[in-house]
Amino acid sequence: MALSFAVDDKGILPDHMIVALARAGGILPAIDFAPDQIQPASLDLRLGDVAYRVRASFLPGRTTVAERIDELKLHEISLSDGAVLETGCVYIVPLLESLSLPDDIAAAANPKSSTGRLDVFTRVIADETRGFDRIHAGYHGPLYAEISPRTFPILVREGSRLSQIRFRRGHALLGAEALRALHARERLVDATSADVGEGIAVGVDLSGSLISPPPLAGEGKGGGIVGYRAKRHTGLIDVERRAGYTIADFWEPMQARPDRSLILDPNEFYILASKEAVQVPPDYAAEMVPFDPLVGEFRVHYAGFFDPGFGYAGAGGTGSRAVLEVRSREVPFILEHGQIVGRLVYEKMLARPEKLYGQGIGSNYQAQSLKLSKHFKP
């Protein structure tokens, strides 16, 4: 199909329009797309063949990323045969995809779900930009990934996919009134009294009802599992290896407390789940955004994109929990069951995707509850 729009068309480009955008020269892959690279409302971005270790994170401002790399690089690493990215270091990797966007198409990037669940801090940057993960309409130029593993060292190679990008035309974010109307039609979360405003409030589940306690816990020694805390000084994780690692080697399960609270230790990383089961109807896409950056000494959810069909009954879901990647900051902080930690905002699609999340495209987290990344054995 040719990519053409009416003047008032606004929304996120679905899979078949992403294909059309690439065919029209708006996306320029150095290597042909992989068969499963295009998702219902996004495109996976692939690492190129070299990584640059740099002194610090940066934004290019009025210059190019390549010029800043020349100023800040400590050394370069070939990714052709795979390489380990160490924790606490910052790397810049040119991506295999570059852009030549039309004047009416902008883009936004986010880590993939599996990337966020490994506590790999990943952002996309472009030339002459002053913000991360945002590419202005009409941008012509290369893309780069900034990668900083926080907890586990990771093995990556050329073609590894840590980030994804959405393309949008105009402003299609649903306001409070439109979102309430959509929730009335589709029941976007299973809460009986959902908090719907400029997004749907998402709370944390600390009840222990999602996963039974381990067999050795014994009666009276704690409730079910509410989440996992990452261990330190572990082995590395190959980002391409599915179901290859034992949970106990990397994670400590956290059992529910009688008061249904959890104390977040400073600078520790946790995997938790939302209290609400959520769904994204086929004609919409969603994103997790901070509830209020001034509330709570913690960061929630590195990976914020939810594709059309996520948790949707027609795509194999019955409402899915949003898995929350939580990193505490400088001081201990108490979370309580049901405490609001984020909001889901919804945007209209320009058209319904040809395939929804969960429909034969290798979706790893449809109908999920509390779930670690795909790299760990069930």
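The values are calculated or read from the model by the stated rules, or taken from the named source; none is laboratory data. Bear in mind that the values here come from a model prediction, so they are computed numbers and not experimental data. Here the Cβ positions follow ideal geometry from the backbone for every residue, glycine too, while neighbour counts run over all protein chains shown.
Exactly one residue out of Asp32, Asp36 is touching a residue at least 40 places away in the same chain (Cβ under 8 Å) and not aliphatic (A, V, I, L, M), and it is Asp36. Within the option set Asp36, Asp32, being under 21 Å from the mean Cα position of the chain (by Cα) and loosely packed, with under 15 Cβ neighbours inside 10 Å holds for one residue only, Asp36. In the set Thr122, Thr115, which member is buried (at least 22 other Cβ atoms within 10 Å of the Cβ), in contact (Cβ under 8 Å) with a residue 60 or more places away in the chain and not in a strand (DSSP E or B)? Step by step, each of Thr122, Thr115 is checked, and only Thr115 is buried (at least 22 other Cβ atoms within 10 Å of the Cβ), in contact (Cβ under 8 Å) with a residue 60 or more places away in the chain and not in a strand (DSSP E or B).
Taking every residue in segment 228-246 that is closer than 20 Å to Asn267 by Cα and pairing it with any residue that is assigned to a loop (DSSP other than H, G, I, E, B) and of a type in the set (Asp, Glu), at least 6 positions away or on another chain, the pairs with Cβ-Cβ distances below 6 Å are Arg229/Glu268.
All told, Glu71 meets the bar of being farther than 26 Å from Ser373 by Cα and free of Cβ contacts under 8 Å to residues at least 12 places away in the same chain.
For Ala194, indicate whether it is touching a strand residue (DSSP E or B) at 6+ places or on another chain (Cβ under 9 Å) and small (Gly, Ala, Ser). Judged against the criteria, Ala194 is a match. Scanning segment 228-237 for residues that are assigned to a strand (DSSP E or B) and closer than 13 Å to Ala248 by Cα yields Tyr228, Arg229, Ala230. Out of the residues in segment 260-285 meeting the condition of being modelled with pLDDT under 95 and of a type in the set (D, E, K, R), tell me which one is surrounded by the fewest Cβ atoms within 10 Å (Cβ to Cβ). Per the stated criteria, the residue is Asp265.
A single entry from Ala181, Ala194, Ala172 fulfils the requirement of being farther than 21 Å from Lys112 by Cα, in contact with a His (Cβ under 7 Å, 6 or more places away or on another chain) and of a type outside the set (Ser, Thr, Tyr): Ala194.
The number of residues in segment 238-277 being outside any strand (DSSP E or B) and within 30 Å of Ser160 (Cα to Cα) comes to 13. The residues listed here are Thr63, Thr87; of these, the one that is of a type in the set (Val, Ile, Thr) and over 23 Å from the mean Cα position of the chain (by Cα) is Thr63. The residue that is modelled with the lowest pLDDT, counting only those in segment 202-221 that are part of a loop (DSSP other than H, G, I, E, B) and crowded, with 18+ Cβ neighbours inside 10 Å, is Leu210.
Could you check, for segment 10-25, whether at least one of its residues is closer than 17 Å to Val124 by Cα and surrounded by fewer than 22 Cβ atoms within 10 Å (Cβ to Cβ)? Within segment 10-25 (the criterion being closer than 17 Å to Val124 by Cα and surrounded by fewer than 22 Cβ atoms within 10 Å (Cβ to Cβ)), the answer is no, since none of the residues qualifies. Residue count for segment 80-101 under the criterion of being farther than 18 Å from Phe152 by Cβ and either acidic (Asp, Glu) or surrounded by 14 or more Cβ atoms within 10 Å (Cβ to Cβ) (or both): the result is 10. Report, by residue number, each residue of segment 125-174 that is more than 24 Å from Ile77 (Cβ to Cβ), assigned to a loop (DSSP other than H, G, I, E, B) and either touching a Lys or Arg at 6+ places or on another chain (Cβ under 8 Å) or outside the structural domain of Thr64 (by TED's automatic domain parsing) (or both). Selection gives Glu128, Gly170, His171, Ala172, Leu174.
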